[in-house]
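As structure tokens, the structure follows; a few thoughts come after it.
The values are calculated or read from the model by the stated rules, or taken from the named source; none is laboratory data. On a predicted model such as this, the values are computed, not experimentally measured, just so you know. Heads up, the Cβs are rebuilt from the backbone with ideal geometry, glycines too, and the neighbour counts pull from every protein chain shown. Ligands, DNA and RNA are excluded from the accessible area calculation, which covers all protein heavy atoms including side chains. Shrake-Rupley method; radii C 1.70, N 1.55, O 1.52, S 1.80 Å.
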Amino acid sequence: MTSTETPTESTDGLTSDITPLDDDAELVTTQKSSPRRRAFDIVVRSIVPIVLALIVAALILLALGKNPLQFYGAVIENGLMGQNWQNSLVMMTPLLLIAIGLIVVFRGQLWNLGYDGQFLLSGVVVAGLAPQLIGATSPGVAYLVLTIAAIAIAAAWTLIPAWLKAYFGTNEIITTIVMSTIGVGLTNILIEYVFQNPEVRTPQTRAIDPGDLLPYIPGTQVTIGFLVAIVVAVAFQFVLSRTSFGLRLDVFGSSAKAARHVGINSRTMTILLFLISGGLIGLAAAMDIFGQWGYMRTNWNPSYGNAILPFVFLARLSPVGSIPFIAFYSVFATGGTIAAQESNVSVNFLQIVVALILVFMTVTEYIGTKRDLGQSYLPDELKGAIRRPLSALTGRVRP
């Protein structure tokens, strides 16, 4: 999947010398892509998968005997209307930070799929130590110390997969998933045997006093964690697009051989990208615990990474570009949870919609890549299936 992301942006505007294979193929331009063409590509590859997924989801709702217009109306009402938009922004905070963490590593053609273990392990340290640290010092000091600790823990949890990938070429998909599984199990152990709240029987940490959570943005019920996420997105957009590090990252992601040729140490870059990715996921955990939950229970896993994975690619691996997509999902998830309950539909229906987006994104990327090579968005087989009945109607017989 990632192989179609970075080249799409980096090759935008390059010339093509491909010769059409037949008289039905489109003429291949040798000039730079026009702004209209680039805008059309963005719409096709980024918006169409979401639209198609919502249409198919509506058909599923109809098959279940539900009114899709009523369901989507409830999503908008519970996700945006009144004060509900604030709940969506609160949910958006960790999602956006995790998305940026994934963007950084994906742009290097690396996979960090250990986000669950990294998130939960750093989160349990924050939730487990915050009540004591706040009581011993102050909320401000606790925020700073535990946020740094969360960043360090999540980053450290990526070191083994990063080291194995950098020095032995081990598949990082497997190692990050394995480390994630270990991290999830270790989180439950820490809750039950180290951070267990002695006042309750349910395995959970002590709860942070509501007054000691992150302060709100004036006039809202949205914590300053949301501002942190936006600032991080803007900062990484600048770093990735306007600095030498961003240029080296793009070269490294495009070709390891080219990176070595220009003096980029691939081992160092691999480890650094994993550390940055894990650190941002740890920051997301700290902002989520301090800003929304205040405690953790065993077997709790919001699976934020799985939910936003398609939107990272729809944003073309752009930190700022991911903001509207993460906002869309936050509204859909916040309002959709309530809408599903009101419509007597399983909450798992939201995961089906995300999966549909991923499927349609894959299809769109495939036909979009053909378009980049001077071919049509429609596969040749589909064009032939459409052309034959039309030719029969018009009396034209094509070989």
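In table form, for the structure just shown:
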{"read-out": "Which listed residue, of Gly135, Gly185, Gly211, Gly219, is exposed (fewer than 15 other Cβ atoms within 10 Å of the Cβ), in a loop (DSSP other than H, G, I, E, B) and not β-branched (Val, Ile, Thr)", "value": "Gly219"}
{"read-out": "From Val251, Val239, Val222, residue being β-branched (Val, Ile, Thr) and touching a Ser or Thr at 6+ places or on another chain (Cβ under 9 Å)", "value": "Val222"}
{"read-out": "Any hit, region 269-281, residues being hydroxyl-bearing (Ser, Thr, Tyr) and at pLDDT 95 or above", "value": "yes"}
{"read-out": "Among the residues listed as Arg267, Arg316, the single one being at positive phi and either crowded, with 17+ Cβ neighbours inside 10 Å or charged (D, E, K, R) (or both)", "value": "Arg316"}
{"read-out": "Selection count where residues are open to solvent by 70 Å² or more (accessible area, probe 1.4 Å) and part of a helix (DSSP H, G or I), scope region 231-264", "value": "11"}
{"read-out": "Residue satisfying condition, being at pLDDT below 95 and more than 20 Å from the chain's Cα centre (by Cα), within set Val251, Val312", "value": "Val251"}
{"read-out": "Verdict on Tyr143 being farther than 21 Å from Asn197 by Cα, touching a helix residue (DSSP H, G or I) at 6+ places or on another chain (Cβ under 9 Å), among the aromatic types (Phe, Trp, Tyr) and open to solvent by 10 Å² or more (accessible area, probe 1.4 Å)", "value": "no"}
{"read-out": "Matching residues, region 165-195, being closer than 15 Å to Val105 by Cβ and not polar (S, T, N, Q)", "value": "Lys165, Ala166, Glu172, Ile173, Ile177, Met179"}
{"read-out": "The listed residue being over 23 Å from Phe252 (Cα atoms) and surrounded by 15 or more Cβ atoms within 10 Å (Cβ to Cβ), out of Ile151, Ile173, Ile160", "value": "Ile151"}
{"read-out": "Search result, residues across region 93-132 that are closer than 21 Å to Asp212 by Cβ, open to solvent by 10 Å² or more (accessible area, probe 1.4 Å) and modelled with pLDDT of 95 or more", "value": "Val125, Leu129"}
{"read-out": "Within region 315-347, considering residues that are assigned to a loop (DSSP other than H, G, I, E, B) and hydroxyl-bearing (Ser, Thr, Tyr), the one nearest to the chain's Cα centre (by Cα)", "value": "Ser318"}
{"read-out": "Whichever residue in region 46-77 is in a helix (DSSP H, G or I) and not hydrophobic (A, V, I, L, M, F, W, C) and, among such residues, is nearest to the chain's Cα centre (by Cα)", "value": "Ser46"}
{"read-out": "Residue list for region 161-182, filter: outside any helix (DSSP H, G or I) and in contact (Cβ under 8 Å) with a residue 12 or more places away in the chain", "value": "none"}
{"read-out": "Residue count, region 294-339 (criterion: under 18 Å from Leu113 (Cβ atoms) and touching a Leu at 6+ places or on another chain (Cβ under 6 Å))", "value": "4"}
{"read-out": "Answer residue from region 270-284, given it is more than 10 Å from Ala166 (Cα to Cα) and among the β-branched types (Val, Ile, Thr) and is least open to solvent (accessible area, probe 1.4 Å) among those", "value": "Ile281"}
